[in-house]
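Here the structure comes first, spelled out in structure tokens, and everything after it is commentary.
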Amino acid sequence: MKHVTPAFAALCAVLVAATPALAADRQPAHAVSYGTKAPYQPRQNPASYSKAPAGFTPVFTENVSRHGSRAATDSSDGDLILALWDKAAASGQLTGKGEEFGPKVRALLAAMAKVGYGNLSGRGREEMRDTADRMAARLPGLFGEIAASGEKIDVVSSGQGRAVDSANEYAGELAAKDPALKPLIGATRTDKDLLYFHKSAGGKAYQEYLANDQRLAATLKSITDQPKTQRAAVGVLRKIFKQGFVNGLSAADQVAAAEAVYNLYAIAPAMIKESPGGRGWGLERYISRTDAAWFGYLGDAEDFYEKGPGFSDSDITYKMANVLLDDFFNQVESKRSGTSTLGAELRFTHAEEIIPLAALMGLPESTKPATPGVSYTYDNNPWRGADVSPLGANIQWDVYRKGTQYLVRMLYNEKEIPFKAGCKPVAKNSKFYDFKELQRCFGR
């Protein structure tokens with residue numbers, strides 16, 4: 001193990017000790033209601049990671065990460081609900097609790113405008129730095145060897161601001177913790193075909209599916225147009241507005257207003273660093289857990305059919321992720337063949353890429369599609385946006401070598417997981433797989 005300074009070794013020990021001893025396999029029940037806006041948490045204590053088989057040492061690591069927590073992409077939800085709030089305030093139609101709601105929303109909107117709509121929040125930047133620290137602590141020998149040998153660290157993003165900033169926070173943290181790495185980390189480059197494929201030429205059939213597939217549209221409408229949606233909408237609005245005001249809104253306006261409240265509730269945890277005193281925005285006071293869970297389910301249903309496993313008779317939502325999975329394999333093959341000068345490949349992208357990649361790879365809770373005619377529900381399917389692609393979600397492959405043999409270990413949100421069914425590990429219950437075996441079982 002080269003170039004592992006006492007300070008770096010101490011950092012590794014601190015990071016392992018600081019990770020929750022009981023990291024959850026899944027998000028806490030209430031966090032599921034945030035859907036893919038759920039803040040990131042690592043899913044395993046690093047102290048419990050498996051040791052590589054005897055004689056194998058790490059020679060390469062690669063990841064793909066969703067950007068960290070961010071502000072809402074625009075102010076439309078806040079604008080919509082504040083217009084109603086102002087109207088109700090002028091006519092004395094606010095509840096006692098509702099009187100506090102408008103100022104809270106205005107403060108949240110101001111904070112998001114200051115961060116920049118769609119941009120990384122303070123929490124998002126911290127998520128990226130912390131994940132980088134844990135990667136370095138997991139593989140001190142590898143990063144020490146990179147620094148000693150002069151191998152490079154390639155950093156690539158979708159080119160979208162929050163992905164670029166996530167990449168820079170992540171790479172910057174690696175350099176800050178070990179300055180010897182700094183000259184070896186390349187400037188963040190853009191590859192939209194690889195990391196924004198849902199809107200690139202490779203996603204043309206997918207874009208057509210979103211725009212024109214009648215079955216998709218009918219399925220999502222049937223899920224949303226349930227009596228429970230209307231009841232939940234009224235439940236949300238009654239916390240803010242008096243009954244008469246709520247009754248004066250059309251059914252469609254009730255749902256739209258309640259969705260706006262839900263969307264603000266869901267994004268608020270991502271903005272906690274910008275809240276007064278860092279204590280949070282308190283928007284959970286305006287939506288019950290039951291109603292939040294329902295609107296969270298509606299959001300999950302949309303993501304499931306538009307980005308995830310989707311319908312059992314179609315792979316349109318995830319086959320385009322092959323470009324990214326191919327890159328994972330190509331990077332390892334280049335390392336094995338001796339044509340790579342890289343010690344690490346770091347990629348930064350979006351939920352629209354992580355969710356289909358998870359389905360394509362057969363990651364836990366990401367593989368079960370819906371039978372046509374039987375709608376996705378929480379009762380019949382384990383897929384949850386908060387588990388599959390929370391803010392900061394990541395998939396990582398660590399590559400180990402002994403002689404001419406290469407092994408790969410995968411982590412999903414920093415939890416060691418097996419590869420898909422049909423791939424055989426090097427030993428029963430091992431999380432390490434021969435790279436040739438992975439090529440075989442993935443048809444590469």
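The table for this structure:
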{"quantity": "Cubic angstrom per residue, convex hull over Cα atoms of the stretch 129-196", "calculated": "81 Å³"}
{"quantity": "Mean accessible surface per residue for the chain, computed with a 1.4 Å probe while every protein chain stays in place, in Å²", "calculated": "41 Å²"}
{"quantity": "Proximal charge balance of Thr131 [Cβ under 9 Å; K/R count +1, D/E count -1]", "calculated": "-3"}
{"quantity": "Kirkwood hydrodynamic radius of the stretch 49-160, Cα pairs, Å", "calculated": "18.3 Å"}
{"quantity": "For the stretch 112-241: span of alpha carbons on each principal axis (Å, largest first)", "calculated": "63, 41, 29"}
{"quantity": "Point-to-point label distance, Tyr378-Thr341, nm (Cα→Cβ direction, 7 Å offset)", "calculated": "5.2 nm"}
{"quantity": "With Cα atoms, 0 to 90° folded angle of helix 251-267 axis to the chain main axis", "calculated": "40 degrees"}
{"quantity": "Positive-end residue, the chain charge dipole about Cα centroid, Cβ charges, pick of Val115, Trp294, Ala38", "calculated": "Ala38"}
{"quantity": "Segment Ser50-Ser222, extension gain: residue separation times 0.36 nm, minus the distance between their alpha carbons", "calculated": "57.4 nm"}
{"quantity": "Counting DSSP beta bridges with both ends in the chain, the antiparallel % (nearest 5)", "calculated": "60 percent"}
{"quantity": "Kirkwood hydrodynamic radius (C-alpha pairs) into Stokes-Einstein, the stretch 179-281, 4 °C and 1.567 mPa s, D in µm²/s", "calculated": "71 µm²/s"}
{"quantity": "Extension gain (nm, one decimal) between Ala427 and Arg215, 0.36 nm per residue minus Cα-Cα", "calculated": "71.9 nm"}
{"quantity": "Cα-centre dipole for the stretch 127-208 with unit charges at Cβ (Lys and Arg positive, Asp and Glu negative), debye to 20", "calculated": "140 debye"}
{"quantity": "Between helix 140-149 and the chain: long-axis angle, C-alpha atoms, 0 to 90°, nearest 10", "calculated": "60 degrees"}
{"quantity": "Virtual spin-label span in nm between Lys182 and Ala205, 7 Å along Cα→Cβ", "calculated": "4.8 nm"}
{"quantity": "Kirkwood-type radius of the stretch 320-444, with distances r between different C-alpha atoms, in Å", "calculated": "15.8 Å"}
{"quantity": "Tilt relative to the chain, helix 322-337 - C-alpha long axis, 0 to 90 degrees, to 10", "calculated": "20 degrees"}
{"quantity": "Largest-first principal axis extents, alpha carbons of the stretch 242-327, Å", "calculated": "53, 38, 18"}
{"quantity": "Label-point separation in nm, Asp74 to Lys420, each point 7 Å along Cα→Cβ", "calculated": "3.6 nm"}
{"quantity": "Sulfur and carbon atoms: percent of accessible area, the chain [1.4 Å]", "calculated": "52 percent"}
{"quantity": "Dipole moment magnitude, nearest 20 debye, the chain about Cα centre, only Lys, Arg, Asp, Glu C-beta charged", "calculated": "840 debye"}
{"quantity": "Alpha-carbon centroid distance for the pair the stretch 198-231 / the stretch 326-341, whole angstrom", "calculated": "37 Å"}
{"quantity": "Amide hydrogen neighbours beyond the local backbone of Thr349, cut-off 5 Å, H modeled", "calculated": "Ser65, Arg66, His67"}
{"quantity": "Cα gyration tensor of the chain - equivalent ellipsoid semi-axes, whole Å, descending", "calculated": "41, 25, 18"}
{"quantity": "Radius, Kirkwood style, for the stretch 236-286 when every pair of distinct Cα atoms is counted (Å)", "calculated": "12.0 Å"}
{"quantity": "The stretch 245-268 residues near the modelled Arg279 label - backbone nitrogen below 20 Å, point 7 Å along Cα→Cβ", "calculated": "265, 268"}
{"quantity": "Residue-averaged [θ]222 nm for the chain, counting only DSSP H segments that reach four residues, each worth -39500 (n - 2.57)", "calculated": "-14500 deg cm²/dmol"}
{"quantity": "Amide H partners (placed H, <5 Å) of Lys415, local residues excluded", "calculated": "Arg43"}
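The values are calculated or read from the model by the stated rules, or taken from the named source; none is laboratory data. Bear in mind that the values here come from a model prediction, so they are computed numbers and not experimental data. All Cβ positions, even for glycine, are placed from backbone atoms using ideal geometry, and neighbour counts span all protein chains on display. Only protein heavy atoms, including side chains, enter the accessible area calculation; ligands, DNA and RNA are left aside. Shrake-Rupley method; radii C 1.70, N 1.55, O 1.52, S 1.80 Å.
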